[in-house]
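Notes to accompany the following structure.
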Amino acid sequence: MSKTAIITGGASGLGQTTAFYLAEEGVNVSVVDISEDSGNETVEKLKEKGVDAIFIKADVSKVEDVKNYVDKTLEHFGSIDYFFNNAGISGSGKKFLETDIQEIDQIVGINLLGALYGLRYVGEAMLKNGGGSIVNTASSAGVIGQASVVTYGATKHGIVGMTKSLVAEYAKDGLRVNAIAPGPIQTPMVKKFFEDNPDMKESAEAGIPQKRLGQPEDVAELVTFLLTKADYINGETVRIDGGFTNTK
Ligand code: NAD
């Protein structure tokens, strides 16, 4: 029987490319995002690849929306086998003491609470079905300290912590939970940022031992492996950054 994945932030970047990679493996996908147009376009492309896919509009920071994306997926597909808990925002990049409280609340709401709510309800559905596999999106800023990302870094270190602790509680029941820690990856968001700031692109590339930014495909391949194959990897945060954080 076909497997089913939920991908939050599935309408763009890392989530969308991973959806395409999972479709190549015959996995059906619930694309969860706030962006309706790109979500529906992603679903059309997934269907062209021969799998079933639905778009569910949700703001992951709202618990009712999270319950709804879980319920709608179960209604349509019957089970949830894989969860790419990925939606997130980077924030303005302002220094912490210049950041307003509204921005702190928003980043924490989406990146940290949104990820926890997803784990709470998807995890429950998976356990009722005998288990499942989850990948949470952390970041380089979740494994090292960096300037201009204090709140973002706090949420991404939180992702690493929730990943390990969930495994301590539920690995015995059949949950596999891992995280990824990408360095700068050329998603539409990052591409636009570097087009506007070409000198920052040069300095980012210079700081990476492999001397190139990551591509969404690099990450999609890793996430697909962790979700569908890596049967004895659990609680791990895999860095995917061309050697960046390991040489800091
Ligand atoms: P992206 O902007 O291309 O995609 C993110 C998607 O999440 C978008 O489709 C957006 O509409 C959706 N989204 C935003 N807020 C949402 C909300 N409240 N509810 C539901 N959906 C929401 O960005 P990306 O680069 O693919 O980022 C995906 C994840 O990867 C994020 O968690 C980000 O922090 C993380 N990350 C990205 C990089 C990078 O360099 N691109 C590096 C490390 C970590």
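The values are calculated or read from the model by the stated rules, or taken from the named source; none is laboratory data. Model, not experiment: these values are computed from the prediction. Positions of Cβ are generated from backbone atoms using ideal geometry, with glycine treated the same way; all protein chains shown enter the neighbour counts.
Annotations for the structure displayed:
- Qualifying strands (runs of 3 or more DSSP E) (wholly inside region 1-62; at least 2 residues being more than 7 Å from the ligand (Cβ to nearest atom), within 15 Å of the chain's Cα centre (by Cα) and under 15 Å from Phe84 (Cβ atoms)): 4-8, 28-33
- Hits in region 132-153 (condition: in contact (Cβ under 8 Å) with a residue 40 or more places away in the chain, of a type in the set (A, V, I, L, M) and crowded, with 18+ Cβ neighbours inside 10 Å): Ile134, Val135, Ala138, Val143, Val149, Val150
- Members of region 179-200 that are crowded, with 16+ Cβ neighbours inside 10 Å and either more than 22 Å from Gly158 (Cα to Cα) or within 6 Å of the ligand (Cβ to nearest atom) (or both): Pro182, Pro184, Ile185, Gln186, Thr187, Val190, Phe193, Phe194
- Residue check for Asp105: over 21 Å from Gly9 (Cβ atoms), of a type outside the set (Phe, Trp, Tyr) and loosely packed, with under 15 Cβ neighbours inside 10 Å: no
- Single match in Gly118, Gly145, Gly123 (criterion: part of a helix (DSSP H, G or I) and either within 16 Å of the ligand (Cβ to nearest atom) or at pLDDT below 95 (or both)): Gly118
- Odd one out for Gly130 among (1) in a loop (DSSP other than H, G, I, E, B); (2) within 14 Å of the ligand (Cβ to nearest atom): (2)
- Cβ-Cβ contacts under 6 Å between residues 6 or more apart (or on different chains), taken from a first residue in region 11-32 that is modelled with pLDDT of 95 or more to a second residue that is of a type in the set (Gly, Ala, Ser) and assigned to a helix (DSSP H, G or I), are listed as Ala11/Ser38; Ala11/Gly39; Ser12/Ser38; Thr17/Ala220; Thr18/Ala220; Tyr21/Ala220; Val29/Ala19; Val31/Gly39.
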